[in-house]
Amino acid sequence: MVESTSRAVVGVFTYMDDALEAVKNVKAANLDWRMYSPVPRHEIEEVTFPQKSPVRLVSFACALTGCASGWALAILCSLDWPMRTSAKNIASIPAFFVPGYEWTILFGGLGTLFAIFAFCKIPSVVRAAGYDPRFSHDKFGVVVACSAGQVTDVTKRLQTAGADEVDVRDSL
Amino acid sequence: MEEKHHSKKEAPVTYAEVNDTILKMLEPPGTGWYLLLFTCLFFLAIGASCWFYQMWSGFGESGKSHPIGWGTYITNFVFWVGIAHSGTLISAVLYLFRAAFRQPIYRLAEAMTVFAVMTAGLFPIIHLGRPWYALWLMPYPNQRALWPNFRSPLLWDVFAVSTYFTISATFFIVGLIPDIAAARDQAKTRFRKTLYGVTSLGWRNSHIQWKHYTAAYLIFAAFATPLVVSVHSVVSWDFAMSIVPGWHATIFPPYFVAGAIFSGVAMVITLIIPLRKAFKLERLITPFHFDAMSKLILMTSGVVTYSYITEFYTAWFSNNPYERFQFWFRPFGEFWIAFWGMTFCNCIFPQLLWVKSLRTNIPFLFVLSIFINIGMWLERFNIIFQSLTREFIPAAWGGYNFSWVEVGITVGAFGWFGMWMTLFIKFFPSVAIVEIKEILPPPMRNEGHGHGHAAVGAGH
């Protein structure tokens, strides 16, 4: 995030390459910006967010926790209530593979869900200024936060990139 | 009637068309939808009444008696878990393999998975007779310091099915979020605006959200893929871990997994054909998709047929008189019609799909898919009933009479499943908006820079 700002300049684009050009322009000017698109695409990621998402680390950590928990549950419960079946060990490793396996997936999946919530900042009741319902339909959007004095420059940058329309709103 | 391939002269599908076509499905329902919903509710009421009657009057009403301890309810359980399977295959496994035909059908398949697991999960509870003791399956601290037996395949089932439901429901809901946001942005009524406003969780399609979302979605697919293999393998161990003739076989896990995918894809076809017709989705769900699903059915039919043959061969080769008798009894015994019905529906009839024109013949596929589902129910009937009626000692052999309570609960299960599907298709996008857009070429001022491919509608 950059300095505190008071205006949001919203550029609406029909073409994805125009929107990406606008992102490159505002990035070069070191402005605070956000891009909206109706669909995720690699071309957009390459320009807007080339780093790897940390979601995978959360998933991995949760999956390991689940694996350890599944095995621990089965082993500790069996030791607490030792029930000898035929000549099988109380802690039957092959049989306990199933709880361990299932909980690896269960904890990993739930961890991934919480990672989405945390990194995507959802659920959110805040209405993002600059968001336009057309961004979930067929338009791309680039929203730039700037001070009142920068509005003209930012508007020009978005129009030069090929924005269909540019609108100025209160803040990002 | 064979449908013609999508003409290349037609205008390409656009982002706007995808939104408008799919969201049109959410418009206020007509008489047909209400009729369907009330039919499902009627069947559900029959099932619920029978279940309450069984609880009131006793488990003897279920028709189960020595030697059949596992009857229709466990058959239904395995059947519905099997139906659930292909949803995860289509949504997760085919996602990892980047199969282009999955996009228009996967949402419906996922919904089918979640609702089928919800249906399947009822049956072990109904089968308990006293469903309020279902809690005892859970490993929770209790006064007597008792824990469930972790070496029992029945407890493995609890872990497998509950994990499967949780993960498939999560995967399903996460996939829905951006599409619900699209519905929110185009909602017209106050009710719809509130419904989608709340359930879209404030999703805004920002580049940061998409980055984490796509990473997470891939991981979900990676987690869900081993579930496809594990869940029905664990279900098959309910049988294979015992020594009952006809059950004690190492081929059961792959045999069950293939059978589950076979029946699940058939159920997807059964559901998607009327949906495509009713909501005019012909430009999104093309003959290309039916052709691909038919090939999947053909392949899994081959695996299932091979498994049936292997069972017979193993019984003969084992020189075990009980196994040999069981596999003689199935085609020529008391329930021969179930065996030959299964063989026709699962092994013989699907072979017609080798004919290319039949793979895109919609009425034929609809009929075939229903036959396959009947065949797969009969397969579970053969495994469970036939093996239990003829175990080891002739003195312990017995027969089985279906009770009207069992039939009512079976019908009720279809009502329960149908009710959820009917509600879902009218309130949430049952075709994935974002994923269909992903396979379209993006709008570019400088053509040729996008990496999209027009699988939808191109019919290739």
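Values in this text are rule-based calculations from the coordinates and carry no lab data. Quick caveat: nothing in here was measured; it's all calculated off a predicted structure. So basically every Cβ, Gly included, is an ideal-geometry build from the backbone, and we count neighbours across all protein chains shown.
Taking GluC sites (Glu not before Pro) in DSSP loop states with no more than 16 other Cβ atoms inside 10 Å as exposed sites, chain B has its longest site-free stretch at B:11-281. What fraction of the Cα pairs in region A:55-120, stated in percent, has a spacing above 14 angstrom? Result: 60 percent of Cα pairs exceed 14 Å.
Sort out the exposed loop trypsin sites (Lys or Arg not before Pro) in chain A (DSSP loop, at most 11 other Cβ within 10 Å) and tell me the longest stretch that has none. Within chain A, the longest run free of exposed trypsin sites (Lys or Arg not before Pro) spans A:1-51.
For region A:72-85, the Karplus equation 6.51 cos²θ - 1.76 cosθ + 1.60, evaluated at θ = phi - 60°, returns couplings of 4, 4, 5, 5, 5, 5, 5, 5, 6, 10, x, 10, 6, 10 Hz by residue, with Gly and Pro reported as x. Here region B:68-137 yields Rg over Rh of 1.15, to two decimals, using C-alpha coordinates and the Kirkwood radius. Screening chain B for DSSP H helices whose Cα atoms reach 24 Å or more along their own axis and whose mean Kyte hydropathy is at least -0.5 gives B:31-57, B:72-88, B:103-127, B:153-186, B:207-240, B:252-278, B:287-318, B:362-381, B:404-427. Normalised by the number of residues in region B:284-361, the mean separation of alpha-carbon contacts (under 8 Å, six or more apart) gives a relative contact order of 48 percent. Scanning residues 5 or more positions from A:D164 or on other chains, those with amide H under 5 Å from its amide H are A:V12, A:F13, A:T14, with H placed 1.01 Å from N in the peptide plane.
The calculated FRET efficiency for A:V126 paired with A:T160, based on their beta-carbon distance and R0 = 51 Å, is about 0.95.
Rg and Dmax of region B:78-208, both derived from C-alpha coordinates alone, stand at 19.0, 57 Å. The largest-to-smallest principal axis extents of the Cα set in region B:323-442 are 70, 38, 23 Å. Taking the Cβ of each residue in B:F239, A:F114, B:F223 as the centre, tally the other Cβ atoms inside 10 Å and list the residues starting with the fewest. With the fewest neighbours first, B:F239, A:F114, B:F223 line up as A:F114, B:F239, B:F223. The trypsin sites (Lys or Arg not before Pro) of region B:271-315 meeting both criteria, a DSSP state outside H, G, I, E and B (loop) and at most 13 other C-beta atoms within 10 angstrom of the site's C-beta, are B:K280. Working from label points 7 Å from Cα in the Cα-to-Cβ sense, the B:N320 to B:I370 distance is 3.9 nm. Here is how the number arises for chain B: DSSP H runs of 4 or more residues each give -39500 (n - 2.57), the sum is divided by the residue count, and the result at 222 nm is -21500 deg cm²/dmol. Here the gap between B:V303 and B:F52, fully extended at 0.36 nm per residue and compared with their Cα-Cα distance, gives a gain of 86.4 nm.
May I ask for log10 I(q)/I(0) of the protein assembly as shown at q = 0.09, 0.10 Å⁻¹, from a Debye sum over the Cα atoms as equal point scatterers with solvent left out? Summing over Cα pairs of the protein assembly as shown leads to -0.80, -0.96.
Debye calculation, C-alpha points only, no solvent: report log10 I(q)/I(0) for region A:9-50 at q = 0.17, 0.18, 0.30, 0.33 Å⁻¹, in the same order as the q values. Once normalised to I(0) and log-transformed, intensities are -0.41, -0.47, -1.31, -1.49. So, R0 is 60 Å and r is the distance between the beta-carbons of B:L358 and B:M241; what FRET efficiency does that work out to, to 0.05? My answer for the efficiency is 0.90. Cross-link reach is defined here as a Cα-Cα straight distance under 22 Å, omitting same-chain residues fewer than 8 places apart; for A:K24 the lysines meeting it are A:K52, A:K139, A:K156, B:K211. The modelled label-to-label distance between B:V411 and B:Y34, using points 7 Å beyond Cα along the C-beta direction, is 2.4 nm.
Reported to the nearest whole Å, the Cα centre-to-centre distance from region B:53-98 to region B:243-296 is 16.
Once both labels are positioned 7 Å from their Cα atoms along Cα-to-Cβ, the gap between B:S152 and A:D170 label points is 6.2 nm. When all alpha carbon pairs of chain A are counted in 5 Å bins from zero, the resulting P(r) reads 1, 8, 13, 14, 12, 10, 7, 6, 6, 5, 5, 5, 4, 3, 2, 1, 0 %. When only DSSP loop residues count, what chymotrypsin sites (Phe, Trp or Tyr not before Pro) in region B:91-140 have their Cβ near at most 15 other Cβ atoms within 10 Å? Those that pass, being in a loop and sparsely packed, are B:F97. FRET efficiency for the pair B:N401 and B:A45, taken as 1/(1 + (r/R0)^6) with r the Cβ-Cβ distance and R0 = 25 Å, rounds to 0.50.
Sparsely packed loop sites in region B:341-445 (the trypsin sites (Lys or Arg not before Pro) outside DSSP H, G, I, E and B with at most 16 other Cβ atoms within 10 Å) comprise B:R445. Listed from fewest to most Cβ neighbours within 10 Å, the set B:L271, B:L352 follows the order B:L352, B:L271. When the Cα atoms of chain B are aligned to their principal axes, the ranges along those axes come out at 80, 56, 42 Å in descending order. Based on C-alpha pairs under 8 angstrom that are at least 6 apart in sequence, region A:55-120 has a relative contact order of 56 percent. Near A:W33, the amide H atoms lying under 5 Å from its own belong to A:A145; only residues 5 or more places off or on other chains count, and H is placed 1.01 Å from N. Per residue, the average separation of C-alpha pairs within less than 8 Å and at least 6 apart gives chain A a relative contact order of 52 percent. Between the Cα long axis of helix A:93-120 and the first principal axis of chain A there is an angle of about 20°, rounded to the nearest 10. Using alpha carbon centroids, what distance separates region B:390-410 and region A:111-172, in Å? The distance from the Cα centre of region B:390-410 to that of region A:111-172 comes to 65 Å. Neighbour counts of C-beta atoms inside 10 Å place B:T163, B:T360, B:T214 in the sequence B:T214, B:T360, B:T163, starting with the fewest.
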